[in-house]
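Below: the structure, in structure tokens.
The values are calculated or read from the model by the stated rules, or taken from the named source; none is laboratory data. Just so it is clear, the model here is predicted, and its values are computed rather than measured. For neighbour counting, all protein chains shown are included, and Cβ atoms are generated from backbone atoms with ideal geometry for every residue, glycine included. To get the accessible areas, we keep the full protein, side chains included, count just its heavy atoms, and leave off ligands, DNA and RNA. Shrake-Rupley method; radii C 1.70, N 1.55, O 1.52, S 1.80 Å.
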Amino acid sequence: MKYAPVQNYINGTFVNSGSQRTLDVISPLDGNLLSKVPMSTAKDLDAALQAAKAAFVSWSRTPIKERVQVFFRYKTLLERDLKQLAELCSEENGKTFGESVAEIEKCIELTEFATSLPQLVTGEILEVSKGVECRTEHVPLGVVASIVPFNFPAMVPNWTIPNAIALGNCMILKPSEKVPLCCGKIAALLKEAGLPDGVLNIVHGDVEIVEAICDHPGIEAVSFVGSTKVAKIVYQRATQHYKRALALGGAKNHLMVLPDAIPGMTAQNVAASMSGCAGQRCMAASAMIGVGNVDSIIDKICEEARKIIPGENLGAVISKESKERIESYITEAEKQGAKILVDGRNANVKGKENGTYVGPTVIDYVTPNMSVAKEEIFGPVISIMRTNTVDEALAIENANPYGNAASVFTQNGGMARYIIDRASAGMIGVNVGVPVPREPFSFGGWNESKFGVGDITGKSSIEFWTKLKKSTTKWNPESGVNWMS
Ligand code: NAD
């Protein structure tokens, strides 16, 4: 085992969980055992909650301009330790080192946004009657929770930690049991940056601890990022306990390619979108709809896909089960009559035989009723469907229950606008394969890709992590008499 067993992080200290139950943390790159992670219990959660509750008293009263100083320092620590954090991220998640570097750079951008929050939460004040002022302030909620998935071990925790904490909340973070290591490093960096003990706490585990979070009366809000199946469970259970909840789910993102698209650029973007992070991005292109004759562009996509080599410029998928699931989708599509143009099954990386690699896979002549057309595969696979018109393509996109992202590749601005207006997804790209909005724009899908109001990052997150206090004041009763005096 390469690293010491993972511990919870409570009140600024790494501590053992009360539970004896653990899971192995395996590196997808080579199958080696990295560590063991505890499956924490409701009792562990209670200890984290008491620490967070105690810390909230002074953290919530610390002026926001002081609170964000921690994040200015945290940003420089992320920059200092970027390489080390990126290596850990690749090791536990399986993505390439370059992808992990990009992930930590995104953490830095998210932190920069949090340092700008004092400029955005100034509130409002107005003299509403003679001598009477109304004022609104954004105030923190209290102890909040953030439950995160495996595919971005550092970025998704940083979607919530900087904003929620800079806005004055104290947090309990529940990392993915598959990738618990980066979160420990993030906690250590925040402590070094001067975050007071108890403001951020970490409890590791799986279903039991997530259920305890949803049920605990001391937690005011729960944010969740993961699959739609679990997003629904968490959203329902947290709101049933009267908590504010925002639960981001899975995706099936459609790229529409029109015959006037620039072939080389389109092919590179499609191939990069479907294979980046081994297709394990909620923004990855998973289905492509060729409108009219785009055969030459499909040839180029195959050319680009063949340049993507497992173990070189393509990372591993998270587990053996995941590899088997992805490969069975490809086999099923083949049996149903689809044509496998580039086949990533049975990929092997020399010297890393226990790694879990799937090569880039391009499947053509997929029909909308096939599983590869409808379901989230979460691997480096693109399923190509063909239509004669843009409206037919939109009908396929609109019929899918998810709604995270959609993109169009065209040189026709009017057609691009037509598709932006009609695609049923929260984030739309034009000639962009992975249309992730950068800060300060907020991130969030529609339909079964998100449950709850608002988005998780950017300006929209202010509404989620705060509540409004409205005060009405009068200091000089003699200054006037009206219906409110
Ligand atoms: P997951 O839903 O299996 O797990 C997410 C979290 O929920 C983990 O912390 C896990 O421990 C916990 N969990 C798992 N099963 C649970 C259960 N039955 N009850 C309570 N908690 C449970 O997701 P994952 O496999 O870690 O991540 C991949 C998924 O996340 C994909 O579907 C992907 O699209 C999605 N995702 C979505 C976004 C987005 O912004 N919409 C971003 C990243 C990932």
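Taking amide H positions as placed 1.01 Å from N in the peptide plane, with prolines and chain starts having none, which residues 5 or more places from Lys450, or on another chain, fall under 5 Å of its amide H?
Answer set, sorted by chain and number: Gly249.
Cα gyration tensor of the chain, axes a ≥ b ≥ c as square roots of the eigenvalues: rounded (a/c below 1.5), prolate (a/b > b/c) or oblate? Before the final figure, lay out each step's value.
On the way: a/c = 2.19, a/b = 1.38, b/c = 1.58.
Note, shape of the chain comes out oblate.
Using alpha carbon centroids, what distance separates the range 4-48 and the range 191-221, in Å?
Cα centroid to Cα centroid, the span is 13 Å.
Counting helices only, and only those DSSP H runs with n ≥ 4, report the 222 nm mean residue ellipticity of the chain as the sum of -39,500 (n - 2.57) divided by its residues, in deg cm²/dmol to the nearest 500.
Values: 16 runs with 187 residues, N = 485.
Roughly -12000 deg cm²/dmol at 222 nm, from the helical runs in the chain.
With each pseudo-label sitting 7 Å past Cα toward Cβ, what's the Asn431-Asp215 distance in nm, one decimal?
That separation, rounded to one decimal, is 5.5 nm.
Given R₀ = 35 Å, what would the calculated FRET efficiency be for Arg21 paired with Asn348, taking r from the Cβ atoms and rounding to 0.05? Let's see the in-between values first.
On the way: r = 34 Å, r/R0 = 0.96.
It comes to 0.55.
Choose one of Pro435, Gly359, Ser383: the residue whose Cα lies farthest towards the positive end of the charge dipole of the range 351-472 (beta-carbon charges +1 Lys, Arg; -1 Asp, Glu; about the Cα centre).
The one lying farthest along the dipole's positive direction is Pro435.
When only the heavy atoms of the protein chains count and the probe is 1.4 Å, how do Ile420, Ile125, Ile108 rank by accessible area, highest first?
Values: Ile420 60, Ile125 110, Ile108 15 Å².
Result, largest first: Ile125, Ile420, Ile108.
Rounded, prolate or oblate: which one fits the range 288-357, using the alpha carbon gyration tensor with axes a ≥ b ≥ c (rounded when a/c is under 1.5, else prolate when a/b beats b/c, else oblate)?
Values: a/c = 2.81, a/b = 1.53, b/c = 1.84.
Verdict is oblate for the range 288-357.
Would you mind computing, in nm to one decimal, how far apart the modelled labels at Ile309 and Phe441 are, each placed 7 Å from Cα along Cα→Cβ?
For the pair Ile309/Phe441, the computed spacing is 3.6 nm.
At most 11 other Cβ atoms within 10 Å plus a DSSP loop assignment makes a site exposed; report the longest stretch of the chain without any exposed GluC sites (Glu not before Pro).
Details: sites that count: Glu312, Glu353.
With a cap of 11 other Cβ atoms within 10 Å, the longest stretch comes to 1-311.
Among Asn404, Gln336, Asn346, whose Cα projects farthest towards the positive end of the dipole of the range 253-430, with charges put on the beta-carbon of Lys, Arg (+1) and Asp, Glu (-1)?
In the range 253-430, that residue is Asn346.
Quick one: order Ser58, Ser460 from most to least accessible surface, probe 1.4 Å. Kindly include the intermediate steps, with their values, before the conclusion.
Values: Ser58 80, Ser460 30 Å².
Final ranking, largest accessible area leading: Ser58, Ser460.
Relative contact order (percent) for the range 382-485, with alpha-carbon contacts under 8 angstrom and 6 or more residues of separation? Mind showing how you got there, number by number?
Working: 117 pairs, mean separation 21.4, N = 104.
Relative contact order, the range 382-485: 21 percent.
Find how much the distance from Glu87 to Glu392 grows on full extension, using 0.36 nm per residue of separation minus their present alpha carbon separation; answer in nm with one decimal.
Working: separation 305, 0.36 × 305 = 109.80 nm, distance 4.43 nm.
Here the segment from Glu87 to Glu392 would lengthen by 105.4 nm.
So, counting K/R as plus one and D/E as minus one, what does the shell of residues with Cβ under 11 Å around Gly454 add up to?
On the way: positive: Arg244, Lys450, Lys459; negative: Asp455, Glu463.
Net charge around Gly454: +1.
Just to confirm the number: angle between the C-alpha axis of helix 320-335 and the first principal axis of the chain, 0 to 90 degrees, nearest 10?
Helix 320-335 and the main axis of the chain meet at about 50 degrees.
Using a 1.4 Å probe on the protein chains only, how many percent of the accessible area of the range 218-317 belongs to carbon and sulfur? Each step should come with its number before you reach the end.
Working: 1780 of 3500 Å².
That share works out to 51 percent.
Express the carbon and sulfur contribution to the solvent-accessible surface of the range 336-397 as a percent, rounded to the nearest whole number, probe 1.4 angstrom.
Details: 1200 of 2650 Å².
Using a 1.4 Å probe with all protein chains present, the range 336-397 comes out at 45 percent carbon and sulfur.
Towards the positive end of the charge dipole of the range 268-319, with charges on Cβ (+1 Lys, Arg; -1 Asp, Glu), say which of Gln268, Gly311, Cys282 has the farthest Cα.
Farthest towards the positive end: Cys282.
Can you tell me the length gained on complete extension of the stretch Val207 to His241, counting 0.36 nm per residue apart and subtracting the Cα distance? Could you put the intermediate results ahead of the total?
Values: separation 34, 0.36 × 34 = 12.24 nm, distance 1.69 nm.
Additional length available on full extension: 10.5 nm.
Scan the range 384-483 for trypsin sites (Lys or Arg not before Pro) in coil per DSSP, keeping those whose Cβ has at most 14 other Cβ atoms within 10 Å, and list them by number.
Working: sites: Arg386, Arg417, Arg422, Arg438, Lys450, Lys459, Lys467, Lys469, Lys470, Lys474; in loops: Arg438, Lys459.
The qualifying sites are Arg438.
Calculate, in nm to one decimal, what Ser471 and Gln119 gain on full extension: separation in residues at 0.36 nm each, minus their alpha carbon distance.
Details: separation 352, 0.36 × 352 = 126.72 nm, distance 2.08 nm.
Gain on stretching Ser471 to Gln119: 124.6 nm.
On C-alpha positions alone, give me the angle between the axis of helix 228-240 and the longest principal axis of the chain, in degrees, nearest 10.
Helix 228-240 sits roughly 20 degrees off the main axis of the chain.
Please give the charge dipole size of the range 1-140, origin at the Cα centre, charges +1 on K and R Cβ atoms and -1 on D and E Cβ atoms. Round to the nearest 20 debye.
On the way: 16 positive and 19 negative charges, 99 e Å.
In total the dipole reaches around 480 debye.
Would you tally the net charge around Ile213, using a Cβ to Cβ cut-off of less than 12 Å, leaving Ile213 out, and scoring K and R as +1, D and E as -1?
Values: positive: Lys174, Arg237, Lys243; negative: Asp44, Asp46, Asp206, Glu208, Glu211, Asp215, Glu220.
Value of the local net charge: -4.
Around Ala238, with a cut-off of 15 angstrom between Cβ atoms, what is the net charge of the other residues, counting Lys and Arg +1 and Asp and Glu -1? Write out the running numbers ahead of the final one.
Values: positive: Lys174, Lys232, Arg237, Lys243, Arg244, Lys450; negative: Glu211, Asp215, Glu220.
The answer is +3.
What is the magnitude of the charge dipole of the chain about its Cα centre, with +1 placed on the Cβ of each Lys and Arg, -1 on the Cβ of each Asp and Glu, and no other charges, expressed in debye to the nearest 20? Could the numbers behind the result be given before it?
Values: 49 positive and 52 negative charges, 183 e Å.
Magnitude of the dipole: close to 880 debye.
Please report the spacing between the Cα centers of the range 282-347 and the range 53-82 in Å, no decimals.
43 Å
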